[in-house]
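A short write-up of the structure that comes next.
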Amino acid sequence: MTSGSADRQAVVQGALLGAALILPITVAGALIDRAMDDFDDSAWPVTIFFAVLAAYALAGWWAGRRSGDAPLTNGAVAGLGAFAVWVPLRMLIWLVRDDSKGLVSGDDAVFTAGGLLGNLVFAAALGMVGALLAARRSRRSGIDAGA
């Protein structure tokens, strides 16, 4: 792994893969939340959270697999890109729903500073983990990572 710049195509593809996974996870979470009376007290929020974390790792894995140079950088940026694509989609879900939740304020806001910062950290870190796994796998198998 040499130091190099990010591979734009690999990062965009990884970010879009991550966002394509996060969107149905988020929509499913919103539908389950609407259908259940005690959603917050069930195992669903944790399950959905882990599914989103897996999407960040897969975004990084894809970007790391597709780039020969700087797989960790590509993975981190792809994970962050997946999160960046998800935020406006989450805002649309908030607009469509009939909840009384505030977007950034109130007792049960959709976006909190801690939640956003936590997602940024998880997206970058798990994107790097996914990229590291992809880079190690390609190195072991002897397959060129850019192919």
- Message: Looking at Trp86 and the list (1) of a type in the set (Phe, Trp, Tyr); (2) in contact with an Asp or Glu (Cβ under 7 Å, 6 or more places away or on another chain); (3) closer than 30 Å to Ala135 by Cβ, which single condition is not satisfied?
- Response: (2)
- Task: Using the structure shown, decide if Ala51 is buried (at least 22 other Cβ atoms within 10 Å of the Cβ), of a type outside the set (Ser, Thr, Tyr) and over 17 Å from Arg137 (Cβ atoms).
- Result: no
- Message: Of the residues Ala70, Ala63, Ala76, Ala6, only one is in contact (Cβ under 8 Å) with a residue 60 or more places away in the chain and under 17 Å from the mean Cα position of the chain (by Cα); which?
- Response: Ala63
- Message: Go through region 59-78 and report how many residues are surrounded by fewer than 24 Cβ atoms within 10 Å (Cβ to Cβ) and of a type in the set (A, V, I, L, M, F, W, C).
- Response: 2
- Search result, residues across region 84-107 that are within 23 Å of Pro24 (Cβ to Cβ) and without any contact (Cβ under 8 Å) to a residue 60 or more places away in the chain: Val87, Pro88, Met91, Leu92, Trp94, Leu95, Val96, Asp98, Asp99, Lys101, Leu103
- Query: How many residues, within region 97-120, are part of a helix (DSSP H, G or I) and either in contact with a helix residue (DSSP H, G or I) (Cβ under 9 Å, 6 or more places away or on another chain) or surrounded by 11 or more Cβ atoms within 10 Å (Cβ to Cβ) (or both)?
  - Reply: 5
- Task: Look at Ala145 and say whether it is in contact with a helix residue (DSSP H, G or I) (Cβ under 6 Å, 6 or more places away or on another chain), modelled with pLDDT under 90 and not in a helix (DSSP H, G or I).
- Result: yes
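When the residues of region 22-49 are narrowed to those that are among the hydroxyl-bearing types (Ser, Thr, Tyr) and at pLDDT 90 or above, which ends up farthest from Ala84 (Cα to Cα)?
Ser42
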- Any idea which of (1) modelled with pLDDT of 85 or more; (2) of a type outside the set (Phe, Trp, Tyr); (3) closer than 23 Å to Arg8 by Cα is the one Arg139 doesn't satisfy? (1)
- Task: Kindly indicate whether Gly81 is surrounded by 17 or more Cβ atoms within 10 Å (Cβ to Cβ) and modelled with pLDDT of 90 or more.
- Result: yes
- Query: Taking region 104-136 on its own, how many of its residues are at pLDDT below 80 and not β-branched (Val, Ile, Thr)?
  - Reply: 5
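The values are calculated or read from the model by the stated rules, or taken from the named source; none is laboratory data. Not measured: the values here are computed from a predicted model. Every residue, glycine among them, receives a Cβ derived from its backbone with ideal geometry; neighbour counts consider all protein chains shown.
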